[in-house]
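Worksheet for the structure shown next.
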């Protein structure tokens, strides 16, 4: 499979399929982006560090309750930027992931 740039995916790159007209088009080469895995890893690490900073710590949860699981909808755009999808947000040209974290 080739990307719009004519590159063949390898283990150092990840193929991201974008949306057009509300539909994913994995077979449409114009809606594919071949992104470097190292860059995506750095972006994900940065995103997760920021997410950790906004979540309450275990000792700061509501009286008698504790936060044990967090689920977030995450978008990856065609340039490799990673962020939370807000309520009512449309992914547009994004790939979406759902990440679930459980405290140990």
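Observations
Okay, residues lined up against (1) surrounded by 13 or more Cβ atoms within 10 Å (Cβ to Cβ); (2) modelled with pLDDT under 90:
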residue: 42; (1), (2): yes, no
residue: 55; (1), (2): yes, yes
residue: 63; (1), (2): no, yes
residue: 69; (1), (2): no, yes
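- Within region 27-36, at least one residue is modelled with pLDDT under 85, surrounded by 13 or more Cβ atoms within 10 Å (Cβ to Cβ) and in a helix (DSSP H, G or I).
The values are calculated or read from the model by the stated rules, or taken from the named source; none is laboratory data. All of these numbers come straight from a predicted model, not from anything done at the bench. As a convention, Cβ positions derive from the backbone with ideal geometry for all residues, glycine included, and neighbour counts pool all protein chains shown.
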